[in-house]
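Right, one structure below, let's go through it.
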Amino acid sequence: MRMPRRGLVIQARTRWLLVGLALLFSLVLLMYLLECAPQTDGNGSLPGVVGESMGKEYYQALLQEQEEHYQNRATSLKRQIAQLKQELQEMSDKLKSLQEKKSPKVNGMNYQGTKEQTSNDLLEFLHSQIDKAEVSMGAKLPSEYGVIPFESFTSMKVFQLEMGLTRHPEEKPVRKDKRDELVEVIEAGLEVINNPDEEDGQDEDDGVGDRQLYSENDFIEGYYRTERDKGTQYELFYKKMDGMEYRHVTLFRPFGPLMKVKSETVDISRSIINVIVPLAGRTEAFAQFMQNFRDVCIHQDKRVHLTVVYFGQDGLSEVKSILESVARATDFHNYTLVSLNEEFNRGRGLDVGARAWEKGEVLMFFCDVDVYFTAEFLNSCRLNAEPGKKVFYPVVFSLYNPAIVYANQDIPPPVEQQLVHKKDSGFWRDFGFGMTCQYRTDFLTVGGFDLEVKGWGGEDVHLYRKYLHGDLMVVRTPVPGLFHLWHEKHCADELTPEQYRMCIQSKAMNEASHSHLGMLVFRDEIEAHLRKQAYRTNSEAVG
């Protein structure tokens with residue numbers, strides 16, 4: 001490879017400088033030798049001949065004077081040599097620095113410029129991955145199957161949709177790389193919160209002592225999902241034990257290092273949720289629902305309004321009585337009862353409930369009477385819905401028929417003890433879109449429910465698709481604090497073929513796990529085997 005001209009010039013200058021320094025050093029050494037050589041004075045007399053009369057003291061004084069002269073000269077030369085060595089070292093350092101800065105060029109660009117350009121190109125690519133991903137705004141999707149759902153996690157467990165034969169709806173991360181990934185993400189979020197920069201909207205002049213520092217114990221929950229051609233998105237939420245203010249951090253790993261997207265403070269202390277429940281009959285289920293509502297919403301959360309839209313007259317008085325009883329016992333009056341004397345239509349009931357609110361903007365939770373939720377879920381609802389930006393479609397964990405799950409017990413345990421995420425106890429209802437948190441203005445802007453849909457099912461999917469076809473982000477993830485309680489399901493003959501198929505599918509999915517259904521299918525074969533085993537055992541005992 002041919003050496004560039006600039007490199008030759010630098011090498012030539014270096015060579016001449018070293019030659020000059022060598023010549024200078026040789027000259028100083030020659031001067032030293034001349035000065036140290038004994039002087040031969042033509043008038044001097046040899047000792048003991050002519051100068052003997054001058055005496056011994058004269059020669060001693062002369063020798064002492066010459067010795068002092070030589071010592072002074074030697075000291076001066078040593079000082080000059082030390083200075084020359086120092087200058088030589090400084091020149092060598094400058095040359096080395098110059099050679100490092102002035103790298104050879106390749107194709108018109110030097111190596112340093114190439115590295116900088118490569119770094120800039122990489123950074124630009126990573127940011128383009130964030131821009132293309134569904135991080136800051138929603139993407140228009142063709143159907144409900146186009147959504148990439150999040151999977152939720154805490155510091156100890158992961159709640160996942162895709163289970164297969166080996167994975168569980170709730171499990172501790174078994175693979176070390178998965179554990180390390182989540183730990184790294186939580187720590188990266190803490191680094192963003194505890195060391196904010198200017199774009200985070202916090203004053204960097206504030207000392208660390210003036211800021212509230214967060215730790216791993218303040219991590220509440222997180223969501224993540226991977227777009228296979230872009231990267232992994234992480235939504236992280238932190239909160240101090242004694243506060244109501246959440247810190248929300250969004251991170252994105254564009255198939256490379258984690259990159260901060262945003263860091264913000266989310267105050268949900270004044271966020272009211274309007275829980276809307278459509279109902280027709282089923283007063284016993286409503287009484288159980290109100291018990292959960294009383295414990296979670298009235299006693300714990302205290303920032304909830306309840307709207308019940310009741311269809312028909314049969315059972316209406318009992319519903320009124322239940323509401324009034326709860327109001328008297330708890331001094332809770334933030335509820336609305338809307339009565340419709342018409343055939344039950346879930347979409348119609350939720351639409352009426354949403355429009356019945358007359359106090360401006362509000363966050364709505366479309367709920368069913370068979371749903372059990374926790375106070376933590378209500379906060380997840382608040383954190384994942386944002387007016388004009390995103391709607392929250394949590395995936396419910398649907399419980400199986402307790403008579404089958406707990407067939408080996410005399411009676412099933414209380415509902416609170418059934419709320420576990422196990423393969424044989426329930427499943428993530430990923431085909432259901434009825435439970436959702438969204439703001440009233442967003443609901444009205446997309447046109448609400450399709451009120452032409454009659455009877456069971458379908459209306460929630462239509463609304464879901466409206467959001468998918470718009471610009472709002474749809475947050476879809478399983479949440480641990482939302483359960484659908486099992487109840488007997490009847491599929492009416494009046495349903496359309498598509499509705500009837502969906503109803504039967506839901507009924508089959510709701511009944512029991514694969515293994516439990518298998519035990520029911522092969523019950524006769526199992527009982528016959530047990531009888532044979534008992535007969536064989538008895539025969540051997542008699543013999």
Do we find a residue being more than 30 Å from D242 (Cα to Cα), among the hydrophobic types (A, V, I, L, M, F, W, C) and either touching a residue at least 12 places away in the same chain (Cβ under 8 Å) or open to solvent by less than 10 Å² (accessible area, probe 1.4 Å) (or both) anywhere in the stretch 269-279?
yes
Which of the strands (runs of 3 or more DSSP E) contained wholly in the stretch 218-322 include at least 2 residues that are modelled with pLDDT of 95 or more and over 31 Å from the mean Cα position of the chain (by Cα)?
273-279, 304-311
Restricting the search to the stretch 172-198, which residues are surrounded by 11 or more Cβ atoms within 10 Å (Cβ to Cβ) and charged (D, E, K, R)?
K178, R179, D180, E181, E184, E187, E191, D197
If the requirement is being in the same structural domain as Q288 (by the TED database) and either hydroxyl-bearing (S, T, Y) or touching a Leu at 6+ places or on another chain (Cβ under 7 Å) (or both), which of these qualifies: D424, D430, D410?
D430
Any residue in the stretch 372-384 that is assigned to a loop (DSSP other than H, G, I, E, B), surrounded by fewer than 21 Cβ atoms within 10 Å (Cβ to Cβ) and in contact with a helix residue (DSSP H, G or I) (Cβ under 8 Å, 6 or more places away or on another chain)?
yes
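Residue-wise test of (1) assigned by the TED database to the domain that holds R228; (2) within 30 Å of V396 (Cα to Cα); (3) in a helix (DSSP H, G or I); (4) modelled with pLDDT of 70 or more.
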residue	(1), (2), (3), (4)
L84	no, no, yes, no
D131	no, no, yes, yes
V135	no, yes, no, yes
S155	yes, yes, no, yes
E162	yes, yes, no, yes
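Okay, residues lined up against (1) open to solvent by less than 40 Å² (accessible area, probe 1.4 Å); (2) in contact (Cβ under 8 Å) with a residue 60 or more places away in the chain; (3) not in a helix (DSSP H, G or I):
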residue	(1), (2), (3)
L495	yes, no, yes
E498	no, no, no
M502	no, no, no
Q505	no, yes, no
M509	no, yes, no
S515	no, yes, no
L520	no, yes, no
E525	no, no, no
L530	no, no, no
Of the residues in the stretch 291-309, those that are farther than 20 Å from V352 by Cα, free of Cβ contacts under 8 Å to residues at least 60 places away in the same chain and buried (at least 22 other Cβ atoms within 10 Å of the Cβ) come to F293
Taking the criterion of being among the aromatic types (F, W, Y), under 24 Å from F443 (Cβ atoms) and either in a helix (DSSP H, G or I) or in the same structural domain as P149 (by the TED database) (or both), would at least one residue in the stretch 342-358 satisfy it?
no
Within the stretch 249-272, track down each residue that is more than 25 Å from N195 (Cα to Cα) and touching a helix residue (DSSP H, G or I) at 6+ places or on another chain (Cβ under 6 Å).
S271
Need the failing condition index for Y535 against (1) surrounded by 11 or more Cβ atoms within 10 Å (Cβ to Cβ); (2) more than 38 Å from the chain's Cα centre (by Cα), just the number.
(1)
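The values are calculated or read from the model by the stated rules, or taken from the named source; none is laboratory data. Computed from a predicted structure; not experimentally measured. Every residue, glycine among them, receives a Cβ derived from its backbone with ideal geometry; neighbour counts consider all protein chains shown. To get the accessible areas, we keep the full protein, side chains included, count just its heavy atoms, and leave off ligands, DNA and RNA. Shrake-Rupley method; radii C 1.70, N 1.55, O 1.52, S 1.80 Å.
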